[in-house]
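Taking it in order: structure first as C-alpha cells, then the write-up.
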Amino acid sequence: MMGRTIFIDPGRCIGCQACVSACRECDSHRGKSMIHLDYTEPGMSVASLPTVCMHCEDPVAPCAEVCPADAILVTADGVVQQADTTRCIGCSNCVNACPFGVPKIDLQAKLQLKCNLCYDRTAYGLAPMCATVCPTGALFYGTLEELQAERPGVQVADSFVFGDVVVSTGVAMVVPAEKVQWPVPGGLPVVEINGVDVR
C-alpha cells in the first residue's frame with residue numbers, strides 16, 4: 001500500500017455522485033469522469049460503491065503489463081497512470097486485464113480512460129478531487145495511521161484474491177472487522193456457466 005493513498009469505505013457511500021462530478025471537473029480530465037459509481041443491486045437496493053483505480057503493486061499493474069504500445073506508465077511512487085494519449089491505440093487489452101474492471105475505452109477517441117489518483121494534485125501533496133468532496137468519507141485520502149486515528153478499530157485490505165492470483169494494491173478498501181479474511185476474495189465468489197459452478 002502506498003504511503004498516502006485513497007481508502008474506499010463502501011459502507012459510507014450514499015451514491016450522491018459528488019465524486020463523479022468532482023472528477024469530471026479536474027483539469028487533466030477534460031470533462032470526463034475517471035471514477036465510476038457502481039450500484040451493487042440496481043433496482044433492489046440503493047447501495048453503491050465508488051470504483052477508482054486500485055493502483056496494483058503486485059503483480060505490477062496488469063493493465064500496464066498487457067499494453068502493446070507501452071502507453072500505461074507506473075510512477076516511482078506506484079501510481080498507475082492513465083494511458084498516454086500519444087501512444088494508446090484503444091485496443092482494450094487493459095480493460096480485459098484489470099481484475100477490478102476500472103479502465104474504460106472512449107470508443108470515439110479510441111483511448112483508455114482511468115483514475116490516475118489525480119496525480120497532478122497528489123504529486124504536490126493535495127488530495128484527489130473525489131476525496132475532497134465526498135461528504136461521508138467513503139473516499140478518504142491520507143495514510144493508514146490518519147485513517148485509524150479518525151476511525152479507531154478500522155480494518156483495511158490491500159490484497160485481493162482472483163482465482164489463484166493474489167493482487168496487492170496501492171489503494172485500500174475498508175472491510176468490516178467481523179468479516180476480515182486475508183486476502184479479501186475479489187470478484188464473484190462463484191461463477192456459473194451452463195448451470196455448473198466454476199471458480
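The values are calculated or read from the model by the stated rules, or taken from the named source; none is laboratory data. All values derive from a computational prediction rather than experimental measurement. Every residue, glycine as well, gets a Cβ built from its backbone with ideal geometry; the counts of neighbours run over all protein chains shown. All accessible areas refer to the heavy atoms of the entire protein, side chains included, with ligands and DNA or RNA removed. Shrake-Rupley method; radii C 1.70, N 1.55, O 1.52, S 1.80 Å.
Points to keep in mind about this one:
- Filter result for Tyr119 (open to solvent by 40 Å² or more (accessible area, probe 1.4 Å), hydroxyl-bearing (Ser, Thr, Tyr) and closer than 25 Å to Pro62 by Cα): yes
- Subset of region 49-70 that is modelled with pLDDT under 90 and not acidic (Asp, Glu) - its residue that is surrounded by the most Cβ atoms within 10 Å (Cβ to Cβ): Leu49
- Which numbered condition Ile193 fails, given (1) open to solvent by 30 Å² or more (accessible area, probe 1.4 Å); (2) at pLDDT 90 or above; (3) β-branched (Val, Ile, Thr): (2)
- Filter pass, Thr51 being within 16 Å of the chain's Cα centre (by Cα) and closer than 17 Å to Ile105 by Cβ: yes
- Verdict on Glu178 being open to solvent by 60 Å² or more (accessible area, probe 1.4 Å), touching a strand residue (DSSP E or B) at 6+ places or on another chain (Cβ under 8 Å) and modelled with pLDDT under 90: no
- Every pair of residues 6+ apart whose Cβ atoms lie under 9 Å, when the first sits in region 27-45 and is open to solvent by less than 70 Å² (accessible area, probe 1.4 Å) while the second is in a loop (DSSP other than H, G, I, E, B) and among the β-branched types (Val, Ile, Thr): Met34/Val52; Met34/Val102; Ile35/Val52; His36/Val52; His36/Val102
- Wholly within region 109-176, strands (runs of 3 or more DSSP E) carrying at least 2 residues that are out of contact with any Cys (no Cβ under 8 Å at 6 or more places or on another chain): 139-142, 155-162, 165-175
- When residues in region 76-87 are screened for being open to solvent by less than 30 Å² (accessible area, probe 1.4 Å) and either of a type in the set (Val, Ile, Thr) or within 14 Å of Lys104 (Cα to Cα) (or both), 3 of them pass.
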